[in-house]
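Since the structure comes first, as structure tokens, the remarks are kept for the end.
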Ligand code: PGA
């Protein structure tokens, strides 16, 4: 089964509105447009979503929110609801390790956000991954099993089709230490088997599973050439248009060579 490769740029807490517009314009200028070969997703900070959406109109590039809260509205100071971003975003990134580690987000909160995203027409992009200590203790499989199972709890098959999962080992994020293609493939393959157990084999075959963690144009080509790696979630390299575009191009090449 061929899955449309997806390359997402997570800008994290970077870029003012003018800086966001400049970066979005540079990415738009070099992106493959509506080629149908790769889906390009940008995740700017909340403050830039609206202006960037205008700048990307009719470009084929789509937006995602870096997080959402699970309530639609109410007294939750500082939070952003799915209804506030649904007009501009196709995706919502949920459960990024920085949210889990720095802001105490639990597996249960991740699951609530997944359901909230779906209820408001957003596709959940769920991030999972083991820490360095867990990796060194041989606990990668246990951690991924716990995180994936919790994230998709209560989803039906139709909702499962909306899902994207990003495998991001915490030890690889922002460290310059990217996973080998073999490690990325082993973990993404495990995630697909877990999805098959939870949602059924045919749903699992159509879910895109991305690799994230110090992705560069050089590393991404061999990672994305793996059968279970369908794209990349890019942090640092997504802040430089040329670096990000090189990864987008690598995704189309990896897809072509996998066919
Ligand atoms: P990085 O971040 O590419 O800077 O390692 C990836 C991520 O956190 O999504």
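The numbers here are math on the coordinates, done by the rules we state, and not lab data. Keep in mind that what you see is a predicted model, and the values were worked out from it rather than measured. Heads up, the Cβs are rebuilt from the backbone with ideal geometry, glycines too, and the neighbour counts pull from every protein chain shown.
With the convex hull of the Cα atoms taken as the outline of the range 111-215, the averaged projected area works out to 6.4 nm².
Stretching the chain fully between residue 153 and residue 2 yields a gain of 51.8 nm (0.36 nm per residue, less the alpha carbon separation).
Stretching residue 34 away from residue 50 to a fully extended chain increases their span by 3.7 nm, per 0.36 nm per residue minus the current alpha-carbon distance. Across the chain, the mean sequence separation of Cα contacts (distance under 8 Å, 6 or more residues apart), normalised by length, yields a relative contact order of 20 percent. The label point for residue 193 and the one for residue 76, both projected 7 Å from the Cα toward the Cβ, are 3.6 nm apart.
Each of 243, 58, 230 has some number of other Cβ atoms within 10 Å of its Cβ, and from fewest to most they run 58, 243, 230.
Given the C-alpha centroids of the range 41-109 and the range 163-228, what is the distance between them in whole angstrom? Taking the Cα centre of each part, the range 41-109 and the range 163-228 sit 22 Å apart. Largest GNM mean-square fluctuation across 84, 224, 13, computed for the chain with C-alpha springs under 10 Å, falls on 13.
Values of log10 I(q)/I(0) for the range 1-147 across q = 0.13 Å⁻¹ run -0.64, by the Debye formula with one identical scatterer at each alpha carbon and no solvent. For the chain, the average shadow cast by the Cα convex hull is 12.5 nm², which is a quarter of the hull's surface. Stokes-Einstein diffusion of the range 40-84 at 10 °C, 1.306 mPa s viscosity, Kirkwood radius from Cα pairs, rounded to a whole number: 137 µm²/s. Our estimate of slack between residue 133 and residue 177, defined as 0.36 nm per intervening residue step minus the Cα-Cα distance, is 14.3 nm. Once both labels are positioned 7 Å from their Cα atoms along Cα-to-Cβ, the gap between residue 17 and residue 205 label points is 4.8 nm.
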